[in-house]
């Protein structure tokens, strides 16, 4: 099977299922496993560049969405060169990837026979189920079942470890300018790690909040988890807004791309990482978490 992935998360899932050799097209934002773009067609670019600030990105997103313009576009020529049988897409977030409708239109333009599989999980449970969905579509259902079973075992272990622990109030900051609280599966990650999410929207889109609302929620722990950024950038942003956060709370930067915002197997790493700082059930994984104060 020839697979094209239009999301970093589905690229990770395809590789987790041992199907990297069947992956022919990815996006410019696919960066895990390391080197995953090497030798593959880049079928989707990005509308951002490293010089843009969070406020700049937010402004461009709002302008383009209000104008009915796309944030991402497919490279028809690159997609055609992939000759795909299966294209993995989404409609969950216009800021994250090409919408499925645009993909289907491209398939029609190119007279391509590929199946377009839309992956739109809203919760941690649905993220794990999406792994099975992709595995079945790719013809490796048992691999998917085995992977998901192993992830559930890890979640069960964490749940057992934190069951009798007091739950700290945790605010996850998904964007700093303007501030956004967490949505979709991120609050589930906090709950699974033994925390109580605040200023959060489980299973729904994240929305802007205010620094005053965050202070009123009185979090014990703030996780600065800017969507689209790794640990170093998250730490820099956390330091920039630390003075806006309640004095009494701990502030941590976390690698959002690795363990928070991409709906794949590594979200379970995020559960384990957060449980380590909330309840000390394991050493803090320094490659994804950094304490700011």
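Outside any helix (DSSP H, G or I), modelled with pLDDT under 90 and within 18 Å of residue 2 (Cα to Cα): which single residue out of 106, 111, 97 fits that description?
111 is the lone residue from the list that is outside any helix (DSSP H, G or I), modelled with pLDDT under 90 and within 18 Å of residue 2 (Cα to Cα).
Need the failing condition index for residue 208 against (1) under 19 Å from the mean Cα position of the chain (by Cα); (2) farther than 23 Å from residue 158 by Cβ; (3) without any contact (Cβ under 8 Å) to a residue 12 or more places away in the chain, just the number.
Among (1) under 19 Å from the mean Cα position of the chain (by Cα); (2) farther than 23 Å from residue 158 by Cβ; (3) without any contact (Cβ under 8 Å) to a residue 12 or more places away in the chain, residue 208 violates only (3).
Return yes or no: is residue 124 more than 13 Å from residue 5 (Cβ to Cβ) and modelled with pLDDT of 95 or more?
The answer is yes for residue 124.
Within the group 235, 192, which residue is under 18 Å from residue 261 (Cα atoms), modelled with pLDDT of 95 or more and in contact with a strand residue (DSSP E or B) (Cβ under 9 Å, 6 or more places away or on another chain)?
235
Anything in segment 277-287 that is touching a helix residue (DSSP H, G or I) at 6+ places or on another chain (Cβ under 9 Å) and either outside any loop (DSSP other than H, G, I, E, B) or not assigned by TED's automatic domain parsing to the domain that holds residue 226 (or both)? List them, or say none.
278, 279
The values are calculated or read from the model by the stated rules, or taken from the named source; none is laboratory data. Everything numeric here is computed off the predicted structure, so don't read it as measured data. Backbone-built Cβ (ideal geometry, glycine too); neighbour counts: all protein chains shown.
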